[in-house]
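Everything on this sheet refers to the single structure shown next.
The values are calculated or read from the model by the stated rules, or taken from the named source; none is laboratory data. Since the structure is predicted, the reported quantities are computational estimates derived from the model, not experimental observations. Neighbour counts are summed over all protein chains in view; Cβ atoms, including those assigned to glycine, are modelled from backbone coordinates with ideal geometry. These area figures cover heavy atoms from the full protein model, side chains too; ligands, DNA and RNA do not enter into them. Shrake-Rupley method; radii C 1.70, N 1.55, O 1.52, S 1.80 Å.
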Amino acid sequence: MDETKELKTREMVINMGPQHPSTHGVLRLRLEVSGETIVKCTPYVGYLHRGTEKLAESMTYLQSIPLMDRLDYISSMTNDVGYCLAVERLFDIGLPLRAKYIRTMVSEMSRISSHLLWLATHALDIGAMTVFLYAFRERERILELFEQLCGARLTVTYPRIGGVRNDVSQEFIDTLYQFTEEFPDKIKEYETLINVNRIWLKRTIGIGIISAEEAVNYGLTGAALRGSGVDYDVRKHFPYDAYSLVKFDVPIGKNGDVYDRYLCRMEEMRQSNSIIKQCIEALPTGPIMTSDSPKFTLPPKDKVLNNMESLIHHFTLITKGPMTAPAGEVYVATEVPKGELGFYIVSDGTGRPYRMRIRSPSFIHVAALPRLCEGGFIADVVANIGSIDVVLGECDR
Amino acid sequence: MEPSQIVKILDGGFAGEVIATSEFRGQPGITLKKDRLLDIARCLHDTPEFKFDLLRDLCGVDYKKMKKPRFEVVYNLYSITHRHTIRLNVQVDEKQPSLPSVAGVWKTADWHERECFDMYGITFDGHPDLRRILMPEDWEGYPLRKDYPMAGPDDEEWAGFKEVLKKAEEFKKFGWHLNERK
């Protein structure tokens, strides 16, 4: 009997990651658990820090575009668009209408592809393997379209300051239209697999609840915020590209749990599909690169090949970049699949950014992870990581 | 609310704190002194007319030779209800790089301030857990400062480089490099 007196219960520390399959990259969590309940959760990030902000300070505005691909490598198209928009705002460059529509179209393709990857891995973490195979089938089609468009599947570097790199072909448009016709049925397919699946419901409903006020205070954006019932979408609040010209709804959740965030993203895919369709139907003819600001934007390719001045111009822009820029500071945000991606650029008048800050949604979402996990079970940590949809490349920059 | 009105109300409540106002590409900005930052932040967050509930971004900027004082900490605020934005540039001196933490007002500032500390060495008074975040804990120097070189401190060779060279010499004893040539 004396022996039992000495037996104590104490909290145990569990290390999760950095090489854990459900952390979607290299995220390390230090979990202090009492039995199965998490008492304290401390995330450690920075394993993928590549100093993008410092690198961008030493490069010209044009050279930084490929760096932006490598932030959120799952939807590089939206990062590039966000960066180009920020630079365009700094230089005060307007876009031709066709370029606006093309950018909107490819951004939404990227959003669908990112959401499909999220759905696949999120379901896989929770234990629904089949969805993974279904979602990757459609994601492959989008990646093939990207390859057809610009030659790369993931790191596209397609948008340029003042437009896009090359025009879309008729074959691309036809294939994409075919995809948009078929995609709504595919979403239904995913939903039949998990929407009323009893295990899925048990693992997601009522898990990781965060109230609207708290979600805003924690700085959550994107579907993670909208799942809590806050109507904030950068595409609606600060319309850019052609988003003011197309019709779409912003799905909003109610309870702020993992299930509502899941529902929001599923509906977002439908809306994205409809946006792509509208863009194809309304796609105007015309130039894909603005000619209003020849000092900062690349000349059209056919002129480069046939005109000496354009060739020189192209060469200096690529090698040296624009020598001057307006002095000032701008903060421009875009809605990427993860949330709000912001670029804050300080220019001192030279051809390189004096300071370039990247406000990445994943970084802020990981910061909110302890709030979602604490008080819950260990098994729900993977559900929470999936539901805030983080990419560590973007988090660590 | 118009940015000029925000400045007016702020100037009324916190006399002498606003140093300058600016507007570039339609984005209003206010340059502030750091002393009463916490009160100003609470005022902007809590007052129903302002209601700046979302701190979109917080970052440091190092104006080494361009401006004095050397550092600025920039807050980008947005009100989801009223749909207005404001940018606060708070001046921080080089000799005493510290300012009040706003993590108690916006929880999202917690990690942003840690990153700012990590990259610029600016400390935030009253921060719950001010540690390095992206760099390793034993890292020396503050990488985003303008005097921090791109290619390591003082362009020196990497400290471990000599060790690698020594090992390469040792391997030569075994003749491994000869095998590669074949």
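Points worth noting:
- Count of the range B:85-102 residues which are in a loop (DSSP other than H, G, I, E, B) and either open to solvent by 10 Å² or more (accessible area, probe 1.4 Å) or polar (S, T, N, Q) (or both): 6
- Candidate set: the range B:87-103, residues that are away from every other protein chain (no Cβ under 11 Å) and touching a helix residue (DSSP H, G or I) at 6+ places or on another chain (Cβ under 7 Å); chosen: the one nearest to B:Arg42 (Cα to Cα): B:Val102
Conditions (1) more than 14 Å from chain B (Cβ to nearest Cβ); (2) acidic (Asp, Glu), marked per residue:
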site: A:Glu213; (1), (2): no, yes
site: A:Val216; (1), (2): no, no
site: A:Ala224; (1), (2): no, no
site: A:His237; (1), (2): no, no
site: A:Leu245; (1), (2): yes, no
site: A:Phe248; (1), (2): yes, no
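- Scope the range A:292-307; condition within 17 Å of A:Val87 (Cα to Cα) and open to solvent by 100 Å² or more (accessible area, probe 1.4 Å); matching residues: A:Asp292, A:Lys295
- Boolean, A:Val366 is buried (at least 21 other Cβ atoms within 10 Å of the Cβ), touching a residue at least 12 places away in the same chain (Cβ under 8 Å) and closer than 30 Å to B:Lys67 by Cα: no
- Being of a type in the set (D, E, K, R), more than 13 Å from chain B (Cβ to nearest Cβ) and buried (at least 16 other Cβ atoms within 10 Å of the Cβ) is a description that applies to A:Asp241.
- Sole residue being open to solvent by less than 30 Å² (accessible area, probe 1.4 Å) and free of Cβ contacts under 8 Å to residues at least 60 places away in the same chain, chosen from A:Ser347, A:Ser310: A:Ser310
- Among the helices (runs of 4 or more DSSP H) confined to the range A:145-236, the ones with at least 1 residues that are closer than 27 Å to A:Val106 by Cβ, among the charged types (D, E, K, R) and open to solvent by 40 Å² or more (accessible area, probe 1.4 Å) are located at A:170-194.
- Subset of the range B:56-69 that is closer than 13 Å to A:Val346 by Cβ and more than 9 Å from chain A (Cβ to nearest Cβ) - its residue that is nearest to the chain's Cα centre (by Cα): B:Lys64
- Any hit, the range A:263-286, residues being assigned to a loop (DSSP other than H, G, I, E, B), under 25 Å from A:Asn79 (Cβ atoms), basic (Lys, Arg) and assigned by TED's automatic domain parsing to the domain that holds A:Arg139: no
- Some residue of the range A:342-361 being out of contact with any Phe, Trp or Tyr (no Cβ under 8 Å at 6 or more places or on another chain) and in a helix (DSSP H, G or I): yes
- A:Glu281 vs. criteria acidic (Asp, Glu), closer than 25 Å to A:Thr42 by Cα and either surrounded by 14 or more Cβ atoms within 10 Å (Cβ to Cβ) or away from chain B (no Cβ under 12 Å) (or both): no
- Failed criterion for B:Gly16 (all others in (1) more than 14 Å from every other protein chain (Cβ to nearest Cβ); (2) within 20 Å of the chain's Cα centre (by Cα) hold): (2)
- Given (1) more than 11 Å from chain B (Cβ to nearest Cβ); (2) within 17 Å of A:Ile65 (Cβ to Cβ); (3) touching a Leu at 6+ places or on another chain (Cβ under 9 Å), number of the condition A:Val304 does not satisfy: (2)
- Any hit, the range A:79-100, residues being buried (at least 20 other Cβ atoms within 10 Å of the Cβ) and assigned to a loop (DSSP other than H, G, I, E, B): yes
- Set A:Ile358, A:Ile385: member being away from every other protein chain (no Cβ under 14 Å) and either at positive phi or open to solvent by less than 10 Å² (accessible area, probe 1.4 Å) (or both): A:Ile385
- Residue match in the range A:15-24 (condition: away from chain B (no Cβ under 14 Å) and more than 28 Å from A:Val131 (Cα to Cα)): yes
- Restricting attention to the range B:20-55, the residues being in a strand (DSSP E or B) and either more than 9 Å from chain A (Cβ to nearest Cβ) or open to solvent by 20 Å² or more (accessible area, probe 1.4 Å) (or both) number 10.
- Cross-chain or 6+ apart pairs with Cβ under 6 Å, the range A:96-122 first and without any contact (Cβ under 8 Å) to a residue 24 or more places away in the chain, then open to solvent by 10 Å² or more (accessible area, probe 1.4 Å) and in a helix (DSSP H, G or I): A:Ala120/A:Phe132; A:Ala120/A:Phe136
- Against the test of being at pLDDT 90 or above and either open to solvent by less than 10 Å² (accessible area, probe 1.4 Å) or not in a loop (DSSP other than H, G, I, E, B) (or both), the options A:Leu116, A:Leu55, A:Leu71, A:Leu124 yield a single qualifying residue, A:Leu116.
- Selected residue (only one of B:Met1, B:Met66 is under 27 Å from A:Glu214 (Cα atoms) and surrounded by fewer than 19 Cβ atoms within 10 Å (Cβ to Cβ)): B:Met1
Yes/no matrix, rows are residues, columns are (1) farther than 30 Å from B:Arg83 by Cβ; (2) modelled with pLDDT of 90 or more; (3) not hydroxyl-bearing (Ser, Thr, Tyr):
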residue	(1), (2), (3)
A:Val196	yes, no, yes
A:Ile199	yes, no, yes
A:Gly206	yes, no, yes
A:Ala215	no, yes, yes
A:Ala224	no, no, yes
A:Gly256	no, no, yes
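- The set of residues in the range A:25-52 being more than 14 Å from chain B (Cβ to nearest Cβ) and not in a loop (DSSP other than H, G, I, E, B) consists of A:Leu29, A:Leu31, A:Glu32, A:Val33, A:Ser34, A:Thr37, A:Ile38, A:Val39.
- For B:Phe117, the stated conditions hold: it is under 14 Å from the mean Cα position of the chain (by Cα), within 19 Å of A:Arg357 (Cβ to Cβ) and aromatic (Phe, Trp, Tyr).
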